[in-house]
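*Asks:* One structure is given below, represented as structure tokens, and several questions about it will come after.
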Amino acid sequence: QVQLVESGGGLVQPGGSLRLSCTASGILFNHYAMGWSRQTPGQQREVVATITSGSNTNYADSVKGRFTISRDNAKNTLYLQMDMLKPEDTDVYYCSATGVARTFWGQGTQVTVSS
């Protein structure tokens, strides 16, 4: 059974930082491209950052220079370091694992940026 479990969300002030983690089980983690997306209820899910099995990264323009995606294959864990957070970064953040056949999703973790 595939499981992606996100953690690290919470409430932070504008300009602050958070680090999200996503621990995977039930997949050969180092074979999967991983990613972070975010979604506000009623709106389309936005891909924030992706990292390939070879650790090539890509970012949405809205987060370039502020967010950093990384992976630790030994720990089956994906990270998203979020710095210089803005109120518009408030959302539910989802971890994803994309293989040849399909994409798996986690349950999401809430990030709220507010003073």
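*Asks:* Within the range 60-91, work out how many residues are touching a residue at least 24 places away in the same chain (Cβ under 8 Å), aliphatic (A, V, I, L, M) and open to solvent by 40 Å² or more (accessible area, probe 1.4 Å).
*Replies:* Total meeting the criteria: 1.
*Asks:* A follow-up question, please. Name the single residue that is least open to solvent (accessible area, probe 1.4 Å) among those in the range 102-115 being within 12 Å of W36 (Cβ to Cβ) and not small (G, A, S). Can you show your working first?
*Replies:* Looking only at the range 102-115, we keep the residues that are within 12 Å of W36 (Cβ to Cβ), and these are 105-106, 108-109, 111.
The next check asks that each one be not small (G, A, S); those that pass are 105, 109, 111.
Working: W105: 111, T109: 18, V111: 0 Å².
In this case the residue turns out to be V111.
*Asks:* Now a separate question. Check off (1) open to solvent by less than 40 Å² (accessible area, probe 1.4 Å); (2) at pLDDT 95 or above for G99 and give me the number that stays unchecked.
*Replies:* (2)
*Asks:* Another one. Considering only the range 18-55, state which residues are touching a residue at least 60 places away in the same chain (Cβ under 8 Å) and among the charged types (D, E, K, R).
*Replies:* R19, R38
*Asks:* Hey, another quick one. Determine the pairs where a residue that is part of a loop (DSSP other than H, G, I, E, B), located within the range 92-115, has a partner that is open to solvent by less than 20 Å² (accessible area, probe 1.4 Å) with Cβ atoms under 7 Å apart, the partner being 6 or more residues away or on another chain.
*Replies:* G106/L4; G106/C22; G106/C95; G108/Y93
*Asks:* Using the structure shown, decide if Q44 is open to solvent by 30 Å² or more (accessible area, probe 1.4 Å) and at pLDDT below 95.
*Replies:* yes
*Asks:* Run C22 past the list (1) surrounded by fewer than 20 Cβ atoms within 10 Å (Cβ to Cβ); (2) within 28 Å of Q1 (Cα to Cα); (3) under 11 Å from the mean Cα position of the chain (by Cα); (4) not aliphatic (A, V, I, L, M) and report the number of the one that doesn't hold.
*Replies:* Evaluating C22 over (1) surrounded by fewer than 20 Cβ atoms within 10 Å (Cβ to Cβ); (2) within 28 Å of Q1 (Cα to Cα); (3) under 11 Å from the mean Cα position of the chain (by Cα); (4) not aliphatic (A, V, I, L, M) leaves (1) as the failure.
*Asks:* Working carefully through the options V92, V113, find the one that is touching an Asp or Glu at 6+ places or on another chain (Cβ under 6 Å) and among the aliphatic types (A, V, I, L, M).
*Replies:* Going through V92, V113 in turn, the sole match is V113.
*Asks:* Considering only the range 26-37, I want to know if a residue exists there that is assigned to a loop (DSSP other than H, G, I, E, B), modelled with pLDDT of 95 or more, of a type in the set (F, W, Y) and buried (at least 17 other Cβ atoms within 10 Å of the Cβ).
*Replies:* Taking every residue of the range 26-37 in turn, at least one turns out to be assigned to a loop (DSSP other than H, G, I, E, B), modelled with pLDDT of 95 or more, of a type in the set (F, W, Y) and buried (at least 17 other Cβ atoms within 10 Å of the Cβ).
*Asks:* Scan the range 1-21 for residues that are out of contact with any strand residue (DSSP E or B) (no Cβ under 6 Å at 6 or more places or on another chain) and in a strand (DSSP E or B) and jot them down.
*Replies:* G10
*Asks:* A follow-up question, please. Scan D83, D91 and give me the residue that is closer than 14 Å to V47 by Cα and among the acidic types (D, E).
*Replies:* Details: D83 fails: closer than 14 Å to V47 by Cα.
Answer to the selection: D91.
*Asks:* Turning to a different aspect of this structure: Evaluate the range 53-74: report whether one residue or more is part of a strand (DSSP E or B), small (G, A, S) and closer than 22 Å to P14 by Cα.
*Replies:* No: zero hits.
The values are calculated or read from the model by the stated rules, or taken from the named source; none is laboratory data. Only a predicted model underlies this, so the values are computations on that prediction, with no experimental measurement involved. Here the Cβ is made from the backbone with ideal geometry for all residues, glycine too, and neighbour counts use every protein chain on show. Side chains are part of the model used for accessible areas, which takes the heavy atoms of the whole protein and leaves out ligands, DNA and RNA. Shrake-Rupley method; radii C 1.70, N 1.55, O 1.52, S 1.80 Å.
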